[in-house]
Each structure stands twice: as C-alpha cells, then as structure tokens.
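One structure is given below, encoded as structure tokens.
The values are calculated or read from the model by the stated rules, or taken from the named source; none is laboratory data. In this text, all values refer to a predicted model and were calculated from it rather than measured experimentally. Neighbour counts are summed over all protein chains in view; Cβ atoms, including those assigned to glycine, are modelled from backbone coordinates with ideal geometry.
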Amino acid sequence: MSTILTFATPTARKDHACGLCRGTITKGEAYIYTTSLENGEFCTFKSHTVCNTLAVKFGADDTDDGGMDDYGFLEEVWVYVRDNPSERDPIFTADEDAYIRELHTKEEKCQD
Ligand SMILES: [Zn+2]
C-alpha cells in the first residue's frame with residue numbers, strides 16, 4: 001500500500017542520483033521529487049523528469065508492491081525502445097542516443 005504525500009518538480013541545487021535509471025540529476029536541472037508512505041514507512045524518491053514520464057507510461061505506479069525497481073525500469077526502457085522506435089522522439093531528450101547508451105552501460109553494470 002503506497003500513498004503519495006508530496007509530488008514536486010524542484011530544480012536541483014546539487015547533484016542527485018535518479019532512483020530509476022541510476023544516472024545523475026545534474027545541479028540546475030528540474031527533477032521529480034516525491035515523498036510517500038510505503039506500508040507505513042516514510043520514503044523520498046527523486047528521478048529525472050524523462051524517467052518519471054517513462055515509468056508512468058510503463059504503469060510503474062499501478063503495481064501492488066509499491067512500484068518498479070531500477071532494474072525493472074531499465075528492462076522496460078529497453079523493451080519499449082526496441083518495440084516503439086517511432087515513439088522515441090517525443091519521449092527522450094534531443095540527446096536520446098546518448099541517454100540510451102548510458103542506460104545500456106548501467107544495465108551491464110548491474111548484472112555483475
Ligand atoms: Zn533517470
């Protein structure tokens with residue numbers, strides 16, 4: 001059972017780690033900040049806006065176990081990009097290829 005308490009889009013005053021792709025939210029960049037109660041436990045979560053958009057698209061918020069972990073998210077990104085190459089433009093930033101490569105690198109790392 002998950003209850004969202006706060007949903008905000010602040011500008012980063014320092015670098016943060018994205019809870020979805022594990023990348024860096026760079027100082028000065030707008031990001032998604034949420035606080036929630038997960039089974040009675042207070043949680044904070046930060047993510048890139050593009051990652052949050054993807055997570056919502058993948059239905060990460062609909063799962064009963066409180067959402068999607070970063071590994072599940074990376075898998076979903078790969079499947080989505082493979083199956084929907086024509087939909088990449090509106091979703092990813094102008095630097096989408098670098099973004100995908102970066103995700104791929106991270107995915108390889110987390111299989112170690
Ligand atoms: Zn991210």
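Select from the range 1-41 the residues that are surrounded by 11 or more Cβ atoms within 10 Å (Cβ to Cβ) and of a type in the set (Asp, Glu) and write down the one among them that is nearest to Val77 (Cα to Cα).
Selected residue: Glu29.
Identify the single condition in (1) modelled with pLDDT of 75 or more; (2) in a loop (DSSP other than H, G, I, E, B); (3) exposed (fewer than 12 other Cβ atoms within 10 Å of the Cβ) that Thr44 does not satisfy, given that it satisfies every other one.
(2)
List every residue pair whose Cβ atoms lie under 7 Å apart, where the two residues are 6 or more positions apart in sequence or sit on different chains, the first residue falls within the range 10-33 and is without any contact (Cβ under 8 Å) to a residue 12 or more places away in the chain and closer than 12 Å to Ser47 by Cβ, and the second residue, located anywhere, is hydrophobic (A, V, I, L, M, F, W, C) and more than 8 Å from the ligand (Cβ to nearest atom).
Thr24/Ala17
Against the condition at pLDDT 70 or above and crowded, with 18+ Cβ neighbours inside 10 Å, how does Glu76 come out, does it pass? Talk me through it step by step, then tell me what you get.
Working: at pLDDT 70 or above: yes; crowded, with 18+ Cβ neighbours inside 10 Å: yes.
It is true that Glu76 is at pLDDT 70 or above and crowded, with 18+ Cβ neighbours inside 10 Å.
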